[in-house]
Amino acid sequence: MDFYYDLVSAPCRSVLLLSKALGLELNRKTLDLSKGEHLAAEFLKLNPEHTIPTLVDNGFSVWESRVILIYLVEKYGKDDSLYPKSPKERTIVNQRIFFDLNLYAVFSNYYYPIARDKLPPVPEDLTKLEDKLEILNSFLEAQTYVANNSLSIADFTSYATVSTIATCLDYDLSKYPNIARWFAHLSKTLAGADENQKGCDLFKVYVW
C-alpha cells in the first residue's frame, strides 16, 4: 500500500499509529506541501482534493484520515475490537472520531494564526479549545480509553491530536487528569508513539 503523508501532520500520524497496531507495512511517500508536491498531476489523479494523508491500496485511493482508519481496520483488522460491529458501540466510536475532528479544528483555529501569521493569541479561541479538552476529559472519567473503555480507532486519532496540542502549545495536560492518565498510558503502550512525538516536534518548528 502506498501512503502519501507528512510526519508533521497529526491526521497522517494517526494512520501510521494504526498501521503499526495492525502490523501493516506501508510504502511511505512523503509529500512536501510547502513545495506544492500535492498539486502534481500524478497525485491529483489519486486524490483530486490534493490532501494528505492519502492511501492507495491495490489501485484504490482513500483520503481523509478518519476514513482511512475505518477502511484499514475493516479490511485488515483481525477482529472488530478496534471498530466494534455492535451498533451502539460503533456509534460511540464514531461520535468520538467526529469529536476529535472538531477538537483538531478548534486547535487549528487557535494555533495556526499564531504560528503561520505571527498574530497574537486570541484568548476566546483558547477558551474554546479548553472547553473541548474538558469534554474529552469527561469522556475518560473512570475509563482507560475514549470509547467503550476499549482501545479503538478513536484513541489513535485522539492521541495524535492531543499530542500535537500538548507539544505545540507547551500545554500542561495535568489540568485534565483523565486525559493525562490516558495520554501517559498510550505513550507507553502504542507502537509508534516515539515517531508520533517526533512528528509533533517537527510541526512545532514547521516553517510555513
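Listed by chain and number, the lysines whose alpha-carbon sits under 30 Å from that of residue 128, ignoring those within fewer than 8 places in the same chain, are 88, 118, 175, 188, 198, 204.
When 116, 13 are ordered from fewest to most other Cβ atoms inside 10 Å of their Cβ, what list results? Display every interim value, and only then the final one.
On the way: 116 12, 13 31.
So the residues, fewest neighbours to most, are 116, 13.
What percent does the relative contact order of the stretch 121-208 come to when contacts are Cα pairs within less than 8 Å and at least six residues apart? Walk me through the numbers on the way to the answer.
Values: 51 pairs, mean separation 24.0, N = 88.
About 27 percent, as a whole number.
With contacts taken as Cα pairs under 8 Å and at least 6 residues apart, the stretch 2-76 reaches a relative contact order of 36 percent.
Note on 200, 12: ascending count of other Cβ atoms within 10 Å places them as 200, 12, the fewest first.
Annotation: amide H of residue 57 within the under-5 Å range of 62, sequence separation 5 or more or interchain, hydrogens built in the peptide plane.
Phi angles of the stretch 156-167 translate, via the Karplus equation with coefficients 6.51, -1.76, 1.60 and θ = phi - 60°, into HN-Hα couplings of 5, 6, 5, 5, 4, 5, 5, 5, 5, 4, 4, 6 Hz per residue; Gly and Pro are given as x.
Remark: spin-label model distance residue 1-residue 71 equals 0.8 nm, labels positioned 7 Å along the Cα→Cβ axis.
Mean separation of Cα pairs under 8 Å and 6+ residues apart, divided by the residue count of the stretch 102-156: what relative contact order is that in percent? Don't skip to the end; give the middle numbers.
Numbers: 32 pairs, mean separation 12.6, N = 55.
Here the relative contact order equals 23 percent.
At an R0 of 41 angstrom, the distance between the Cβ atoms of residue 191 and residue 102 translates into a FRET efficiency of 0.90.
Between residue 127 and residue 45, the simple label model (points 7 Å from Cα in the Cβ direction) yields a spacing of 5.2 nm. Ranked by the mean number of other Cβ atoms within 10 Å per residue, highest first, peptides 184-191, 173-180 order as 173-180, 184-191.
Every read-out reported here was derived from the displayed coordinates using simple, explicitly stated rules and does not represent laboratory data. As the structure is a computational prediction, the values presented were derived from the model and not from experiment. All Cβ positions, glycine included, derive from the backbone under ideal geometry; neighbour counts span all protein chains shown.
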